[in-house]
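Student: I am attaching a structure below and will ask some questions about it afterwards.
The values are calculated or read from the model by the stated rules, or taken from the named source; none is laboratory data. Quick caveat, the model's predicted, so the values are computed rather than measured. Methodologically, a virtual Cβ is constructed for each residue, glycine included, from the backbone with ideal geometry; neighbour enumeration extends over all protein chains shown. The accessibility values were calculated without ligands, DNA or RNA, using every heavy atom of the protein model including side chains. Shrake-Rupley method; radii C 1.70, N 1.55, O 1.52, S 1.80 Å.
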Amino acid sequence: MSLAVYYQRIRYEFFQMAKRFPLAILCSLAFCFVSIKGETIDPVSLIILRAFTLNMGTNSVVSSINVVVFLQTFFCGMCWFIALRLFWEGQRYRQWISYLVAIPVYFFISYYIRTQTLSFFPVNGIWTLGAGLFLLTFCAPVLRNGRTDLQFWSFSYRLWVRISYSFVAALILFLGVMAILSCLDYLFSIRFYKDQYKDLATVAFTFFFPILTFAGIDRNFNEEPTEQSTKPIYYLLGYLIVPLIFIYSLILYAYIIKIIVMQSLPRGGVVYLVSSYGCVGILTYLVSIPQRIAKERLVSFFRHHFFKILIFPAILLAVGIIYRLKQYGLTESRYMVVLCLIWFSCSILLSMIIRREFFAKVMYTTLPCLLLLASVGPWSINNLPTFEQIHTLEKILEFNHVMKDGHHVPGKYTLNEEDKIRVSGILDYLCTHQKAHQLKPWFDKKTSKRLFENTKNLQALDIAKAMGVKYQKDGQISYTGSFHYEGISPDCLALKGYDYYIPNVWIDNKRKHSVKLPQDSQMLTFSLDNSTGVLRVNKNSKEIFKVSIAEMIIATDLNESGGIIKKDMTIPFISEEVSGVLMIQRLSGEFSPETKKFKHLYSMQFSLLIGALNTR
């Protein structure tokens, strides 16, 4: 094949892919752009991105939260556009009509993500939404009546192979270009810019990888698996995975017999063991769909009887999760266990009523549908655990006369050890998940204003004190208090006499911040020692000044909840090389409740005015 013919073929395939998945490609391109630019997105690009996500915000400053929201929106949008296009092709509808459905739903997804509380926990509503949309792409084109499990397996297998191939290709591209750049840097001291390797990895895995995957998505949804494609899986299932699943099943049944004979409740951790067992078993069932694999004796027995075997472990899972919910309440991880239980129950029921050649396709489709349902509504993973935790907290407090008719009764209360730990744990959960503001109606106006004026730095200890309840974690004897400060950034600054203004620097003990000065190409690095509370600023590798935040905190009054009373925290400084003003915007750390002395500084945010910077 000549180079010209090869080029024409590449161009033709790219054109066909762009015609087939234009909106998904735009999402992939936007995802890559935001990943590279981060918080340095220029105002014009920010306007375009906001228009693309139907965000009418006017703030020109991009925060890390904005970046995460953009990335989540574009990933979910990419999966949604792919899934809907494949479904439309599978149903043989007119393609232009798909845009009438795709775009409004995408804007709804964008609005939903934008209105959710940003959470970095492993599981949340946005996670289930993204996972549900991604898994939907594997079954979307075969939902047409008449398409069997074999066609579902064949399409899913080819798509997974394409994803794996594209990932390896992206990895090879990254390593190859990185080797070239490293060679240029080492031999000729040619380095194009500082973050060239990070940006290369971003382009390879957030643009090249998905584009190559889109190009290889098959249009043939009626193809059935060949013996050659199933041969690598045959021995893996028949001689390794299925025997291990049967051994695991025997262990679970032995445990069920044990708790029945001993008339005891199952251990709490068994819910995660059974959930993992059920998911691996169903995945194995899906992988073993092709005829060659299914005819193997052990695999055939597994396929005919697995969902009957799953009945009693599912009952064990139900008993275990009900016991955990009564004891500790609903959390995100237990919500996912309940979701697994519902999926197992649906799968067992469907295995009894649906014809075998269509069962796997329908059973698999229930999983992304459940994940999508878990993303929105009052029953969602973001809302239901919070509602249940608050309801449990209210019952405990009413039992101990701390609350009456939905309102807090002022006073000091002594709870038993178990209730004290449960109340503290629930308050920790609400503060960690930024849901503590839902307790605001419980308190009078004065207490509500003091507690919930700054919910970002709200601590469980503060709420417990306001309730008149002692805060105590499980196994904890004493508590180290916390301090926090949140100032107001000035709307306008007079910069006369200063060379540079460096805004919104955020650092902690694990994260440094570097700024390259535009005129003389010097690098300023900000670092924080959390144990001594000292902020250091280095020019290149030389320290030019340091400020003790700890001394300032020791000399400052703290209120009952650890809030710094001082309204304006600006610190002028001067050294041999530099002078300026440090304007602190946020602080958080620990102090001793008994002595009010400084112990640790967690993080701080500040802006800096710098003048007379020595360029030597």
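Student: ILE36 to LEU100: FRET efficiency via 1/(1 + (r/R0)^6), r the Cβ-Cβ distance, R0 25 Å, to the nearest 0.05? Display every interim value, and only then the final one.
Tutor: On the way: r = 33 Å, r/R0 = 1.30.
E between ILE36 and LEU100, to the nearest 0.05, is 0.15.
Student: Same structure, new question: Go ahead and run the numbers for FRET between LYS446 and LYS395, Cβ-Cβ distance against an R0 of 25 Å, rounding to 0.05.
Tutor: On the way: r = 26 Å, r/R0 = 1.04.
Taking R0 as 25 Å, the efficiency between LYS446 and LYS395 is 0.45.
Student: Rounded to whole Å, give me the distance from the Cα center of the range 373-452 to that of the range 324-350.
Tutor: 23
Student: Can I ask one more? Distance in nm between label sites at ILE180 and GLN196, each 7 Å beyond Cα in the beta-carbon direction?
Tutor: Going from the ILE180 label point to the GLN196 one covers 1.1 nm.
Student: Calculated FRET efficiency, LYS516 and ALA51, Cβ-Cβ r, R0 25 Å, to nearest 0.05? Intermediate values should be presented prior to the final figure.
Tutor: Details: r = 31 Å, r/R0 = 1.23.
The formula returns an efficiency of 0.25 here.
Student: Could you go through the range 136-143 in sequence order and give the Karplus-derived ³J(HN,Hα) for each residue, using 6.51 cos²θ - 1.76 cosθ + 1.60 with θ = phi - 60°, rounded to whole Hz, and x for Gly and Pro?
Tutor: After applying 6.51 cos²θ - 1.76 cosθ + 1.60, I find 5, 5, 7, 10, 4, x, 10, 6 Hz.
Student: Relative to the present Cα-Cα distance, how much length would full extension add between GLU13 and ILE259 at 0.36 nm per residue of separation? Let's see the in-between values first.
Tutor: On the way: separation 246, 0.36 × 246 = 88.56 nm, distance 6.05 nm.
So the chain would gain 82.5 nm between GLU13 and ILE259.
Student: Further, regarding this structure: Please work out how much accessible surface GLU418 shows to a 1.4 Å probe, ignoring ligands, DNA and RNA, in Å² rounded to 10.
Tutor: Here the accessible area works out near 120 Å².
Student: Another question about this same structure. Could you work out the relative contact order of the chain, using alpha carbon pairs under 8 angstrom and six or more residues apart, expressed as a whole percent? Spell out each step's value before the answer.
Tutor: Details: 769 pairs, mean separation 60.2, N = 616.
Result for the chain is 10 percent.
Student: Report the one residue of LEU29, LEU458, PHE81 whose Cα lies farthest in the direction of the positive end of the charge dipole of the chain (charges on C-beta: Lys and Arg +1, Asp and Glu -1; origin at the Cα centre).
Tutor: Final value for the positive-end residue is PHE81.
Student: Taking amide hydrogens as modeled 1.01 Å from N in the peptide plane, which residues meet the under 5 Å criterion relative to SER579, leaving out close sequence neighbours?
Tutor: For SER579, whose amide H was placed from the backbone, the distant partners under 5 Å are GLY611.
Student: Kindly sort TYR253, TYR106, TYR186, TYR328 by accessible area of their heavy atoms, largest first, with the probe set to 1.4 Å. Show your work: numbers first, answer last.
Tutor: Details: TYR253 70, TYR106 5, TYR186 190, TYR328 110 Å².
Final ranking, largest accessible area leading: TYR186, TYR328, TYR253, TYR106.
Student: Which of the pairs LYS412/LYS470; LYS412/LYS435; LYS516/LYS539; LYS539/LYS599; LYS512/LYS546 have their Cα atoms more than 19 Å apart in this structure? The partial results should precede the final answer.
Tutor: Details: LYS412/LYS470 9 Å; LYS412/LYS435 25 Å; LYS516/LYS539 10 Å; LYS539/LYS599 28 Å; LYS512/LYS546 14 Å.
Violating the 19 Å Cα-Cα cut-off are LYS412/LYS435; LYS539/LYS599.
Student: As a test of the formula, what do you get for the chain when each DSSP H run with n ≥ 4 contributes -39,500 (n - 2.57) and the sum is divided by the residue count, at 222 nm and rounded to the nearest 500 deg cm²/dmol?
Tutor: Numbers: 22 runs with 341 residues, N = 616.
Helices in the chain give a 222 nm mean residue ellipticity of -18000 deg cm²/dmol.
Student: What number comes out for accessible area per residue over the chain if the probe is 1.4 Å? Units Å², please.
Tutor: Details: 33120 Å² over 616 residues.
The answer is 54 Å² per residue.
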